[in-house]
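Have a look at the structure below before the remarks.
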């Protein structure tokens, strides 16, 4: 007990008398890392493993304090190989964290997007028409939009198309009893890269039991990347969007336009934004004068 008190007093004295700018920076960086780690592990199965690791550290401290030599030796031996154990146990979370770092705008030029304003508007219109038609007919659909995170591994699981985006093409892909209807369509920029792609299922515990495999796959891809996934329920025709591991539903036509315009215009130049606004105002003026 005296050793513990002495160590605590020395730590407090060092913090209050020897704390410099580098020490403050070091503490802040560690705090940010720990915070991001906790956010990353929140609501995942690894959160239970993290709680177990903290409990193990507590038992080690208590065994040392109470003089339980054998138990302390055993637990200390386990902790000495802690780095390898952590890599094995938290491999999915470590991969997800590295992918998140790799999505930094400093390291990426961004996903390909059509630079032409007319092309953007055409693509948004075609996809909205597809979603509304499939929803009305209660045909299941799963459309993924690649953004900063590369999804080549997902493309490789499906059938390569490299086709222009159009409503007839997308509707024909998801038509029941056709070769490519079972799976996801992946869109990169202005091209349909692949169909019948296999997506990872979500491991989150809070997903409603009412949601089927299609919705779980959409959420799973959005958890592992920054992709936006549009979903049409085969049972109800309800339209949904998965982004950042969160499912938003139901969607209407206005929601679809907003989501797709965000995808295809968020990295365009301010000149295109002004042109789009000018066209809208001009169209309203023409409609007003015609009436």
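Quick grid of which residues meet (1) at pLDDT 95 or above; (2) in contact with a strand residue (DSSP E or B) (Cβ under 8 Å, 6 or more places away or on another chain); (3) surrounded by 16 or more Cβ atoms within 10 Å (Cβ to Cβ):
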| residue | (1), (2), (3) |
| --- | --- |
| 143 | yes, yes, yes |
| 149 | no, no, yes |
| 177 | no, no, no |
| 210 | no, no, no |
| 221 | no, yes, yes |
- Item | Per-region count, segment 12-49, residues within 26 Å of residue 76 (Cα to Cα), in a helix (DSSP H, G or I) and at pLDDT below 65 | 6
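The values are calculated or read from the model by the stated rules, or taken from the named source; none is laboratory data. Everything numeric in this text was worked out from a predicted model, so none of it was measured. Please note: Cβ atoms are built from the backbone with ideal geometry, for glycine as well, and neighbour counts cover all protein chains shown.
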